[in-house]
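Read through the structure below, which is laid out as structure tokens, and then see the notes.
The values are calculated or read from the model by the stated rules, or taken from the named source; none is laboratory data. Just so we're clear, the structure is a prediction, and the values are computed from it rather than from any experiment. Accessible surface areas use protein heavy atoms only, side chains included; no ligands, DNA or RNA. Shrake-Rupley method; radii C 1.70, N 1.55, O 1.52, S 1.80 Å.
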Amino acid sequence: MSASAERDLGRLLNGMQPALHPGRFVFVTVPGSTAPPGLAPVVTVVEDEGLTLVVQQEDADAARLTYDYVAGWITLRIHSALDAVGLTAAVARALAEAGLSCNVVAGFHHDHLFVPHERAAEAVAVLEQLADRAGQ
């Protein structure tokens, strides 16, 4: 594990710097364990039922893949340790209190949140308020 990965919850919250990626992202599933040609997933998860992909909506549409959830993608820019305790819970709680669903994916360096696209800017504002409170 990298020495620069943060574990302290207060510093994680205060320094999370949520960044909203441009675009609309969707969760799709395909059989097998390989993404179809032409797709560039930002997340892949192998499940017993098939391969889950998070892709840009226009790519899913072009590949004629079905989906029912259109998300905005937020990256928490702090390098969070994979064994850090409480970040996901604190973020989920703040978003839930605002009535926002959230699907979390942990990368090696950062946590990534997929929230309803139409409320993504609001989700960023909620996270920024959480970071401000943690810094006080």
Treating every alpha carbon of the chain as one equal point scatterer without solvent, the Debye formula yields log10 I(q)/I(0) values at q = 0.09, 0.11, 0.18 Å⁻¹ of -0.29, -0.42, -1.00
Longest principal axis of the chain (C-alpha) makes with the long axis of helix 120-134 (C-alpha) an angle, in degrees to the nearest 10, of 20 degrees
Relative contact order of the range 1-85 (C-alpha contacts under 8 Å, at least 6 apart) in percent is 45 percent
Regression test value, accessible area per residue of the chain, probe 1.4 Å, units Å², expected 55 Å²
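Restricting to DSSP H runs of at least four residues, report the calculated mean residue ellipticity at 222 nm for the chain, -39500 (n - 2.57) per run over all residues, nearest 500 deg cm²/dmol.
Calculated from helices alone, the mean residue ellipticity at 222 nm is -8000 deg cm²/dmol.
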Going residue by residue through the range 95-104, the Karplus relation 6.51 cos²θ - 1.76 cosθ + 1.60 with θ = phi - 60° gives ³J(HN,Hα) values, rounded to whole Hz and with x marking Gly or Pro, of 5, 4, 4, 8, x, 10, 6, 8, 10, 9
A 1.4 Å probe over the protein heavy atoms gives the range 23-135 a carbon and sulfur accessible-area percentage of 52 percent
